[in-house]
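Down below is the structure, laid out as structure tokens.
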Amino acid sequence: MTDTTEAKVQLLLDREDISQVLYRYATAIDTRDWDLLATCFTDDLEADFRSFGGREVVKGKAQWLEAIKGTIQGLDATQHLTANHVHTVDGESATLVAYLQALHRLDTARSDPEYTVGGYYTCDMLRGDDGQWRMCRYALAVTWHRGNRDILRQAQRRLSK
């Protein structure tokens with residue numbers, strides 16, 4: 001193979017590995033596999049979910065995992081779907097922008113049991129010394145939503161009982 005061919009093949013492999021991080025992330029949240037979710041992030045992660053109602057950027061993997069658990073564990077089901085992955089790879093760093101549609105369900109909700117969010121993720125990633133890509137910063141930009149947002153609050157209360 002020529003250098004150009006090898007570089008193209010490496011770019012394709014990197015793009016697939018980068019997308020796999022977001023697929024693992026979605027699968028981990030929906031299956032409540034917190035160990036798998038932890039593999040998606042660097043220790044110094046910055047998570048910006050202010051467009052989803054977060055008050056500030058959360059810094060640190062451990063802090064973010066606790067924040068996610070505090071919302072997701074009280075729900076009966078979630079389904080996170082990603083599409084239209086656009087990659088920018090620059091050596092050991094990369095950015096992935098991907099569409100998102102996330103359904104949240106609480107069967108015991110006082111009214112509509114579902115809340116769906118649409119938008120996109122922007123994920124900055126680094127390749128670690130082990131060769132694995134991980135998110136070091138990611139943000140959710142909500143562009144639309146429908147349903148009963150209050151189920152998120154109800155799910156948090158459910159956990160505190």
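Structural remarks
- Note on GLU56 and LEU126: their simple-model spin labels are 2.2 nm apart, each label 7 Å out from Cα toward Cβ.
- In plain terms, the chain from VAL142 to LYS8 could stretch by 44.9 nm, reckoned as 0.36 nm per residue minus the Cα-Cα distance.
- Its relative contact order, with pairs defined as Cα atoms under 8 Å and 6+ residues apart, puts segment 3-160 at 23 percent.
- Bridgeable lysines around LYS69 (alpha carbons under 18 Å apart, same-chain partners fewer than 8 residues away excluded): LYS59, LYS61, LYS161.
- Pairwise centroid distance, computed over Cα atoms, of segment 1-66 with segment 134-153, Å: 16
- Modelled spin labels at THR116 and ARG153, positioned 7 Å past Cα toward Cβ, are 2.3 nm from each other.
- Taking the Cα centre of the chain as origin and assigning +1 to Lys and Arg Cβ atoms and -1 to Asp and Glu Cβ atoms, the resulting dipole is close to 1020 debye.
- Equivalent ellipsoid dimensions for segment 3-160 as semi-axes, Å, which come from the Cα gyration tensor, largest first: 30, 16, 13
- Size descriptor for segment 14-75, Kirkwood hydrodynamic radius: 12.2 Å (Cα pairs only, one decimal).
Values quoted throughout were computed directly from the atomic coordinates according to the rules given, and no laboratory measurement underlies them. Since we're looking at a predicted model, the values are computed, not measured. Cβ coordinates were reconstructed from backbone atoms using ideal geometry, including for glycine residues, and neighbour counts include every protein chain displayed.
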